[in-house]
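Beneath this line is the structure, given in structure tokens, with notes to follow.
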Amino acid sequence: MASVAVATAGLTAVPAVASETAVGSPGEARATGRAHGSDDHGRRGHPRFSAGAPGAGDPYLPFAGNGGIDVRHYDLDLRYTPPTAEPAPLEGHLDATATIRLRATANLDQFNLDLRGLEPSAVWVDGKRARFTHADLNDQQPGPDELVITPRPKLRKGERVTVTITYGGTTGRPTDLEGALYGWVTTRDGAMVANEPDGAATWFPANDHPTDKATFDVDLTVPQGYVGVSNGVLERRQTRRGWTTWSWHAPDQMASYLATASVGNYEMRTSTAGPDDVPVLDFVDPDLDPVNAATTETTLGLTDEMMDFFTGLYGDYPFVAYGSIVDDDSIGYALETQTRSIFSRVAREGTAAHELAHSWVGNAVSPYRWSDIWLNEGWATYSTHLWTEHRGGPSAQAQFDELMTIPADDPFWTTVVADPGPLGLFAGAVYDRGAATLHALRGEIGDEAFRALAREWVERYDDRTASTADFEALAEEISGQDLTQFFTVWLHTPTKPVEW
């Protein structure tokens, strides 16, 4: 993501138990996936059933994600009516069906999915009607946010089922904890959909935490003349009776916050990029102002060279396609939406490099907890520094030196990079001090070890999540050095490092 947020603040965490797939990180203690029962079986050998937890166990967002389930695939059938012209309200309407394949990671008599701002009308589990409630558990967000499903029969641990949910309602302009637009953001000519960190629940029932990645199919039906853009590859486009369905297939593992279903009057452009000729689908709003349109055109023309560069740093591009969505409306930031990065009003070179680099560091390897977000943003920012150097701009060392001129008493240094707090997820220090940490580490362990670390980080944790502890352990493994003091100073201390 390419935004900077307000100063760090803390929130009281509500304890929750992580699901089995919320355990993607060998550097962290493993959770059982059980919610309210201590054993899988009772005293006489009969299965003991319990309710899945209403959160994945992330202290920053206690009700994001859920316990007891592992979602394997989302199949979303969305029919969207954009707003009419002014002075009509800036509201759209969504009618949808979500078909979700999941596995129980505990014996469950009840489990949750995250859904906010839209109302469910019916739920089926393996074709049988299931009882459900739409509960308001999360005081950080207004309105019902937990879809609580009671399957009959109950689910045994390891059982795989298909859950079908019909739902819909009016779409607006939801905001996150900081007040920034996110999720399904209704625009006058469609919608911009950017979910980080927990906005996926504003448009589909989700296990909305990075630790439960899944594959996606999205059928996005919009009035004829509109374009519907999602992740992966476009399988077909069909128009019938004034509506066009855009069918997207995303076969790679993806965190819910990286999904999109943006709608607009985009022009589609196709090309290839990188040493493996990755298919590139760009969707550019023809209403960009002339200066932004020219900048965007130049930037998107660099995708091939950028792909070559980052492939050399991190290894093969990890997904089936790439591309961009450039909309003339603004959510105030760009986002590394998997295989289809989103840009508000203009795609600039540095931002485009940042979002493409996230394909490896953030998308293929995602944060185990939201406190680990520096592993996304620090790596993507440092990748941009390296790209800038590659293009003949200031060297990575010069950019590091410039950062280190910030006075020690500046509030910039008070952010703890590895624990910025829920209102500090997008603080400037997470990006810039995160990047500086990586440059300082490169100096500490040497170029050869640093290059090996970058590649091994992606290879080892591809399609998974990883934590700061995982990164620290891998850096020590690759370098053969004890880096405890280094990481304490750079990642865990709210003061300016003085030894580097």
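Please verify whether SER324 is assigned to a strand (DSSP E or B), among the hydroxyl-bearing types (Ser, Thr, Tyr) and touching a strand residue (DSSP E or B) at 6+ places or on another chain (Cβ under 6 Å), treating the condition exactly as stated. Before the answer, list the steps.
Values: assigned to a strand (DSSP E or B): yes; among the hydroxyl-bearing types (Ser, Thr, Tyr): yes; touching a strand residue (DSSP E or B) at 6+ places or on another chain (Cβ under 6 Å): yes.
Yes.
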Open item on the list: touching a Ser or Thr at 6+ places or on another chain (Cβ under 8 Å), on the phi < 0 side of the Ramachandran plot, assigned to a loop (DSSP other than H, G, I, E, B) and open to solvent by 40 Å² or more (accessible area, probe 1.4 Å): is that true of PRO83 in this structure?
Closed with: no
Open item on the list: Which numbered condition in (1) part of a helix (DSSP H, G or I); (2) over 30 Å from PRO290 (Cα atoms); (3) out of contact with any strand residue (DSSP E or B) (no Cβ under 8 Å at 6 or more places or on another chain); (4) not basic (Lys, Arg) is the only one that THR381 fails?
Closed with: (2)
Open item on the list: Condition first: open to solvent by less than 70 Å² (accessible area, probe 1.4 Å) and among the aromatic types (Phe, Trp, Tyr). Now tell me which residues in segment 468-500 satisfy that.
Closed with: PHE471, PHE486, PHE487, TRP490
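With buried (at least 23 other Cβ atoms within 10 Å of the Cβ) and not aromatic (Phe, Trp, Tyr) as the only criterion, which of LEU281, LEU375, LEU313, LEU288 stands out? Let's see the steps before the verdict.
Details: LEU281 fails: buried (at least 23 other Cβ atoms within 10 Å of the Cβ); LEU313 fails: buried (at least 23 other Cβ atoms within 10 Å of the Cβ); LEU288 fails: buried (at least 23 other Cβ atoms within 10 Å of the Cβ).
Every option except LEU375 fails the conditions.
Can you say whether PRO144 is open to solvent by less than 20 Å² (accessible area, probe 1.4 Å), under 25 Å from ARG79 (Cβ atoms) and either touching a His at 6+ places or on another chain (Cβ under 8 Å) or at pLDDT 95 or above (or both), as far as the supplied structure shows?
No, not satisfied.
Would you pick out the residues in segment 327-343 that are under 16 Å from GLY228 (Cβ atoms) and either among the aromatic types (Phe, Trp, Tyr) or assigned to a strand (DSSP E or B) (or both)? Walk me through it before giving the result.
We begin by selecting, within segment 327-343, every residue under 16 Å from GLY228 (Cβ atoms); these are 327, 329, 337, 339-340, 342.
Correct list: ASP327, ILE342.
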Task: Unmet criterion (only one of (1) part of a loop (DSSP other than H, G, I, E, B); (2) surrounded by fewer than 18 Cβ atoms within 10 Å (Cβ to Cβ)) for ASP208 - done: (2)
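Listed here are the residues, each with its yes/no results for (1) open to solvent by less than 30 Å² (accessible area, probe 1.4 Å); (2) not polar (S, T, N, Q).
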{"residue": "LEU234", "(1), (2)": "no, yes"}
{"residue": "GLN253", "(1), (2)": "no, no"}
{"residue": "ALA293", "(1), (2)": "no, yes"}
{"residue": "THR303", "(1), (2)": "yes, no"}
TODO: Could you list, in sequence order, all residues of segment 412-429 that are open to solvent by less than 20 Å² (accessible area, probe 1.4 Å) and within 20 Å of THR484 (Cα to Cα)?
DONE: TRP413, THR415, VAL417, ALA418, PRO420
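Being open to solvent by 30 Å² or more (accessible area, probe 1.4 Å) and closer than 17 Å to TYR431 by Cβ is the filter here; which residues of segment 387-400 pass it?
Keep residues of segment 387-400 that are open to solvent by 30 Å² or more (accessible area, probe 1.4 Å), which gives 388-395, 397-399.
Selection gives THR388, PRO394, GLN399.
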Open item on the list: Test of understanding: among THR260, THR295, THR270, THR311, which residue is over 23 Å from THR221 (Cβ atoms) and either more than 23 Å from the chain's Cα centre (by Cα) or in contact (Cβ under 8 Å) with a residue 40 or more places away in the chain (or both)?
Closed with: THR295
Open item on the list: Pairs needed: first member in segment 430-454, in contact (Cβ under 8 Å) with a residue 24 or more places away in the chain; second member anywhere, open to solvent by 10 Å² or more (accessible area, probe 1.4 Å) and among the aliphatic types (A, V, I, L, M); C-beta distance under 6 Å; at least 6 residues apart or different chains.
Closed with: ASP432/LEU403; ALA436/LEU403; ALA449/ILE478; ALA452/ILE478; LEU453/ILE478; ALA454/LEU313
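The values are calculated or read from the model by the stated rules, or taken from the named source; none is laboratory data. Here the structure is a predicted model, which means the values were calculated and not measured. Every residue, glycine among them, receives a Cβ derived from its backbone with ideal geometry; neighbour counts consider all protein chains shown. Please note that ligands, DNA and RNA were not included when accessible areas were found on the heavy atoms of the full protein model with its side chains. Shrake-Rupley method; radii C 1.70, N 1.55, O 1.52, S 1.80 Å.
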